[in-house]
Amino acid sequence: KLKKYYDSEAMVVRHIPGKGKHKGRLGALEVQLPSGLTFKIGTGFSDDERQNPPQIGSIITYRYSGISNKGTPKFAVYLRPYIGG
């Protein structure tokens with residue numbers, strides 16, 4: 001079974017603190033699309049990225065598998081800081 005993935009960019013607007021094993025580190029990023037819609041990305045981070053998360057206002061690249069009824073990306077996963085191009 002082959003699943004389609006898409007990738008896109010969003011701006012970091014907030015760091016959400018971690019709970020459990022991520023207490024004291026990044027738990028998730030709240031990001032904003034150019035349309036103004038915000039959503040959270042809580043997976044795909046390395047331990048180093050959780051310790052030193054992308055700065056607020058920076059652009060990141062994420063992967064997702066479709067769009068929800070609310071218009072937010074489904075199953076968003078952090079990939080990397082945005083590399084222009």
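The values are calculated or read from the model by the stated rules, or taken from the named source; none is laboratory data. Just so it is clear, the model here is predicted, and its values are computed rather than measured. Note that each Cβ is placed from the backbone with ideal geometry, even for glycine, and that neighbours are counted across all protein chains shown. Accessible surface areas use protein heavy atoms only, side chains included; no ligands, DNA or RNA. Shrake-Rupley method; radii C 1.70, N 1.55, O 1.52, S 1.80 Å.
Taken along the Cα-to-beta-carbon direction at a fixed 7 Å, the label points for Phe75 and Asp47 span 2.7 nm. For the chain, the relative contact order comes to 31 percent (Cα pairs under 8 Å, sequence separation of at least 6).
Computed across region 36-75, the Kirkwood hydrodynamic radius from all distinct Cα-Cα pairs reaches 11.8 Å.
Taking 24 Å as the straight-line reach from the Cα of Lys21, the lysines in range (excluding those fewer than 8 positions away in the same chain) are Lys40. Straight-line cross-link reach from Lys4 at under 19 Å between alpha-carbon atoms covers these lysines, not counting any fewer than eight positions away in the same chain: Lys74.
Rolling a 1.4 Å probe across all protein chains gives Leu37 an accessible area of roughly 60 Å². Looking at the chain, the accessible area is 68 square angstrom per residue; that uses a 1.4 Å probe and ignores ligands, DNA and RNA. Across the chain, counting alpha-carbon atoms alone, Rg and Dmax equal 12.8, 38 Å.
Within the accessible area of the chain, what % is carbon and sulfur when the probe is 1.4 Å and the other protein chains stay in place? Ligands and nucleic acids excluded, carbon and sulfur give 51 percent.
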